[in-house]
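The values are calculated or read from the model by the stated rules, or taken from the named source; none is laboratory data. This one's a predicted model, so the numbers in the text were calculated from it and none came from an experiment. When we count neighbours, we look across all protein chains shown, and the Cβ atoms used for this are built from the backbone with ideal geometry, even at glycine. These accessible areas exclude ligands, DNA and RNA; they are computed on the full protein's heavy atoms, side chains included. Shrake-Rupley method; radii C 1.70, N 1.55, O 1.52, S 1.80 Å.
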Amino acid sequence: MSRLNTKLTGRARLRAGLFIPVTLLVSITMLLAACSSGGPAPVSTAFPGAAAPAGSWPYPNGDIANTREAPDSAISASNLSSLREAWAFKLTGTAAAGAPGVGSLTAPPVVQDGVVYLQDEDANVYALALATGKLKWEYQVNIPEKSGPGPDGVAVADGTVYGDTSTTVFALNAATGKTIWVDSSLLNSGQGAFEIQPQVADGRVYLASAYGSGSGGGILLALQAATGSLLWKFSTVIGARQGVQALGVGSGGAWETPLVGSDGSVTFGTGNPYQTLAAAIANPSRQLYTDSEVNLDAATGKLRWYYQAVPDDFQDHDLQASPISADIGGVPAIITGGKMGYVYALNARSGALLWKTPVGEHNGHDNDSVLALSHELTIKVPYTFLPGSLGGVLSNMAVADGSVYVATIDLAVTATSLNSADGNEAASPETGEVEALSLATGKVEWDTKLPSMPLGAATVSNDLVFTTLYNGDLIAFNRATGAIVYQHHLPASANAPIAVFGNTVLVPAGGPEVSKSDMGGNPQLVAYTIP
């Protein structure tokens, strides 16, 4: 996993772009001090004439299976034109500044029992009345994300809100926002930082760190939901890792919500080993368990199986997307994908590959890491690869009715030095596409090109697929054909998954900078409803 710098994109860093070296350890004293009031309160604005939002989006990806399908949604092509803005919740003060190039909102909201729960890039948590957008309570942290940055985000279960800062994990009373427990001792030196939206099930909180630079890289872990006590940890890097150690930055870990299976397992998609081209060629190693789907026993953390998509990765081709539970011909399956620009279907019991399909644009360097691993690769700079370190499947996918819906970024990257990690210059415009694949075979059903990066995650509502574009457009596609049937310009640029449910579309418009002339700003959560 890495972050892109301004030289690469002509703008500041975006989610999953160039590592930001910072001090990761913050004392609990500092955290508690930061939880006092800071800056003006956020502002909620209602728009007369629009229907009050109703419905629920109870998990980070809509349901426990991560399908991002909205089965209770009333929104379809027949009433899409009647969508109206119902309210907007606008961030203020230091939280509105956000992270450079990323903005203030990078996580999807969670909606339960008439309340919207949202976390910003300063780790602050907000509870809003779904019907009005008015603030019910706020848990202030005001400590900017230290890595990534983000996506952050919260999970809600049994009247409790669970979330994290870069160095702590916390549980809050869902009705009042009062602290139930906070733990700042979970990460040891070298184990990276939290930036994940957790998942909660069966009395356990599942989360992970990223950017672990110690001998075990990032870690996957489970906590007891009631007390926050540690149940188990799993290190995502084992064995020889000279290439990563030489750079000294970090590797592995996870930052998208894991999948809790009905078979007693939990599955994470992990990040890349952060290493230079020179190191990957001189000291090739599989770097297990980076760029992998890692399936663990949910109660013990014991490894059941893994599938590594990219060994010895030096192109930042994370397999980071939230895994999705599916069924293929009666076989339990997991659908996953990542920044290498492939979607994979795996047997959920064994990890065996059922199919894999390239999505988006590729320029012939997909197997370079495998060639490097077998000492068959020679690279001359400038070296351009596509998908680049900000390309491929960067946001989460959706599965519904026999199809997989994928938002893909097309952005080539050039490395001008063998000492470059993940490239250092953009080599193409920042465009994208949304594709539909057959769940049974992986065959492409349709492919729609887009002028900007789709970052709102693919979300299914009846006969529609929604996402948002980085330039600030909410967009909907006909599920059967891929035709664009709706496009609405948001009040700010967007870099976060949306939620669709009941009569509502909730859009975190985080206000990231999208060009040298557009400095971002005006971050807000916007609710759109049909009558």
Practice task
Restrict the check to the stretch 131-138 and report whether at least one residue is over 16 Å from VAL507 (Cα atoms), of a type in the set (Lys, Arg) and under 21 Å from the mean Cα position of the chain (by Cα).
Solution key: no
Practice task
Please work out if TRP305 is open to solvent by 10 Å² or more (accessible area, probe 1.4 Å), under 24 Å from the mean Cα position of the chain (by Cα) and more than 22 Å from LEU353 (Cα to Cα).
Solution key: no
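Restricting the stretch 418-452 to residues that are small (Gly, Ala, Ser) and assigned to a strand (DSSP E or B), which is surrounded by the fewest Cβ atoms within 10 Å (Cβ to Cβ)?
Only one residue fits best here, namely SER438.
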Exercise for the section: Give the residue, chosen from ASP152, ASP164, that is of a type in the set (Asp, Glu) and touching a Pro at 6+ places or on another chain (Cβ under 9 Å). Expected result: ASP164
Completion exercise
Of the residues in the stretch 384-398, those that are crowded, with 24+ Cβ neighbours inside 10 Å, of a type in the set (A, V, I, L, M) and at pLDDT 95 or above come to VAL393, LEU394, MET397, ALA398
Exercise for the section: For the stretch 156-178, state whether one or more residues are under 21 Å from VAL43 (Cα atoms), among the polar types (S, T, N, Q) and open to solvent by 30 Å² or more (accessible area, probe 1.4 Å). Expected result: yes
Practice task
Consider GLN315 carefully, then state whether it is closer than 22 Å to VAL343 by Cβ and without any contact (Cβ under 8 Å) to a residue 24 or more places away in the chain.
Solution key: no
Handout entry: Only listed residue being of a type outside the set (A, V, I, L, M, F, W, C), in contact (Cβ under 8 Å) with a residue 60 or more places away in the chain, open to solvent by less than 40 Å² (accessible area, probe 1.4 Å) and under 12 Å from ALA509 (Cα atoms), chosen from SER82, SER73, SER104
Key = SER104
Completion exercise
Condition set assigned to a strand (DSSP E or B) and not hydrophobic (A, V, I, L, M, F, W, C), scope the stretch 231-257, selection modelled with the highest pLDDT: answer is LYS233
Fill in the blank from the handout: Requiring at least 2 residues that are of a type outside the set (D, E, K, R) and either open to solvent by less than 10 Å² (accessible area, probe 1.4 Å) or under 15 Å from SER73 (Cα atoms) (or both), the strands (runs of 3 or more DSSP E) wholly within the stretch 453-530 are 459-461, 464-469, 473-478, 499-501, 504-509, 524-529
Exercise for the section: Scan GLY360, GLY330 and give me the residue that is free of Cβ contacts under 8 Å to residues at least 24 places away in the same chain and more than 25 Å from LEU207 (Cα to Cα). Expected result: GLY330
Practice task
Hey, can you tell me all the residues within the stretch 43-70 that are buried (at least 19 other Cβ atoms within 10 Å of the Cβ) and acidic (Asp, Glu)?
Solution key: GLU69
Fill in the blank from the handout: Wholly inside the stretch 328-388, strands (runs of 3 or more DSSP E) that include 2 or more residues that are closer than 23 Å to GLU425 by Cα are 383-385
Practice task
Write out, first by first residue and then by second, each pair whose Cβ atoms fall under 9 Å of each other, whose residues are 6+ apart or on separate chains, and whose first residue, in the stretch 166-194, is modelled with pLDDT of 95 or more and charged (D, E, K, R) while the second is part of a loop (DSSP other than H, G, I, E, B) and surrounded by 15 or more Cβ atoms within 10 Å (Cβ to Cβ).
Solution key: ASP183/THR168; ASP183/GLY228
Handout entry: Matching residues in the stretch 71-104 - criterion: being at pLDDT below 95 and closer than 18 Å to GLY55 by Cβ
Key = PRO71, ASP72
Fill in the blank from the handout: Just one listed residue, out of LYS90, LYS136, is closer than 22 Å to ALA155 by Cβ and among the charged types (D, E, K, R), and it is LYS136
Problem - Conditions (1) farther than 26 Å from THR481 by Cα; (2) touching a strand residue (DSSP E or B) at 6+ places or on another chain (Cβ under 7 Å); (3) of a type outside the set (Ser, Thr, Tyr); (4) at pLDDT 95 or above; number of the one not met by LEU377 - result: (2)
Completion exercise
Of those in the stretch 85-101 that are assigned to a loop (DSSP other than H, G, I, E, B), open to solvent by 10 Å² or more (accessible area, probe 1.4 Å) and small (Gly, Ala, Ser), the residue nearest to SER461 (Cα to Cα) is GLY98
Exercise for the section: Return yes when TYR289 is aromatic (Phe, Trp, Tyr), in a loop (DSSP other than H, G, I, E, B) and farther than 27 Å from GLU445 by Cα and no when it is not. Expected result: yes
Fill in the blank from the handout: Restricting attention to the stretch 109-151, the residues that are more than 19 Å from THR168 (Cβ to Cβ) and not in a strand (DSSP E or B) number exactly 8
Completion exercise
The residue that is least open to solvent (accessible area, probe 1.4 Å), considering only those in the stretch 133-155 that are of a type in the set (Val, Ile, Thr) and more than 17 Å from VAL205 (Cα to Cα), is VAL141
Exercise for the section: May I ask you to list pairs of residues, at least six apart or on different chains, whose Cβ atoms are under 7 Å apart, with the first in the stretch 397-409 being part of a strand (DSSP E or B) and small (Gly, Ala, Ser) and the second being surrounded by 24 or more Cβ atoms within 10 Å (Cβ to Cβ) and modelled with pLDDT under 95? Expected result: none
Exercise for the section: Kindly check whether there is at least one residue in the stretch 216-230 that is of a type in the set (A, V, I, L, M, F, W, C), surrounded by fewer than 17 Cβ atoms within 10 Å (Cβ to Cβ) and assigned to a strand (DSSP E or B). Expected result: yes
Completion exercise
Across the stretch 187-209, the tally of residues that are more than 15 Å from ASP152 (Cβ to Cβ), of a type in the set (A, V, I, L, M) and part of a strand (DSSP E or B) stands at 2
Practice task
Mind counting the residues in the stretch 260-288 that are open to solvent by 10 Å² or more (accessible area, probe 1.4 Å) and modelled with pLDDT of 95 or more?
Solution key: 5
